[in-house]
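The values are calculated or read from the model by the stated rules, or taken from the named source; none is laboratory data. Bear in mind the structure is a predicted one, so any value in this text is a computation, not a measurement. Here the Cβ positions follow ideal geometry from the backbone for every residue, glycine too, while neighbour counts run over all protein chains shown. We work out accessible area using only protein heavy atoms, side chains counted, and drop any ligands, DNA or RNA first. Shrake-Rupley method; radii C 1.70, N 1.55, O 1.52, S 1.80 Å.
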Amino acid sequence: MSAFACISASVVQGSAIGPASYVITAADLRPVHSGNVIIKYADDTYLVVPAANDDTCDEELKHIQAWADDNNLRMNAVKSKSRGARGKSVQLPPPFPTIERVSKLTALGVIINDRLTSTDHVTELLVSCTELVYAMRALRTHGLPHQSNYLPQPGSFKCIYISLCKQCSYV
C-alpha cells in the first residue's frame, strides 16, 4: 500500500487528472479589461492583449498571479513568455522584468512569430516531414516491408529516426 502524502496544490502536476482539474479550476479566470482574452487549454493559459490595450498587461498579469495565489496554484515564470506582434510603424511596449520576451513561441502546437506570419511554423513542419521521409526510406532500405500494416505508429517515427542517426554515427 502507498504511503499517504500531503498535497498542497490544487492541481497535481503530471497526474492523469491534472489537466481536467485545471480546466475546472480555471473556469472562473477572466481578463480584467474588455478586449483582452484569456485562452485556456489543458494546463496552459494564454493572455492575449491587443496593441490598443498594451497598457493593461501589467494589471492583467497581476490579476492572473492573484487568481493563481487564491487557487493555490503557482505561475511558472520559467515557462512564461512575452511575444509582441509588430508592424513597420508599431513599437512594442517595454518588456516585463519577470517575463522573457521572445520573437516566436508555440501555442497549441502552432508557432507564432512577431510578424504573425506562418513562415516559422511551415518551416518546422517541412523539417519534421523531411525527417520522417528520411526515416521511412532508411527503414525500407533496412528491410521494412512495404505493407502498411507493418508501419510503425506516427509518434514512433521520431524515435526510430533518432535511433538510426545514433547507429549511423557509430559506424
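A few points about this structure:
- Top-ranked residue of the range 27-36 - restricted to ones that are touching a strand residue (DSSP E or B) at 6+ places or on another chain (Cβ under 9 Å) and open to solvent by less than 70 Å² (accessible area, probe 1.4 Å), ranked as nearest to Asn113 (Cα to Cα): Asn36
- Filter pass, Pro145 being modelled with pLDDT under 75 and either surrounded by 14 or more Cβ atoms within 10 Å (Cβ to Cβ) or in contact with a helix residue (DSSP H, G or I) (Cβ under 8 Å, 6 or more places away or on another chain) (or both): no
- Filter pass, Pro97 being modelled with pLDDT under 80, open to solvent by less than 70 Å² (accessible area, probe 1.4 Å) and more than 26 Å from Thr25 (Cα to Cα): no
- Total residues in the range 41-84 satisfying the condition of being in a strand (DSSP E or B), more than 11 Å from Pro31 (Cα to Cα) and without any contact (Cβ under 8 Å) to a residue 40 or more places away in the chain: the figure is 3.
- For the range 100-112, the set of residues classified as touching a Ser or Thr at 6+ places or on another chain (Cβ under 9 Å) and without any contact (Cβ under 8 Å) to a residue 24 or more places away in the chain consists of Glu100, Arg101, Val102, Val110, Ile111, listed by residue number.
- Any chance Ala68 is open to solvent by less than 40 Å² (accessible area, probe 1.4 Å), at pLDDT 80 or above, under 20 Å from the mean Cα position of the chain (by Cα) and under 26 Å from Cys6 (Cα atoms): yes
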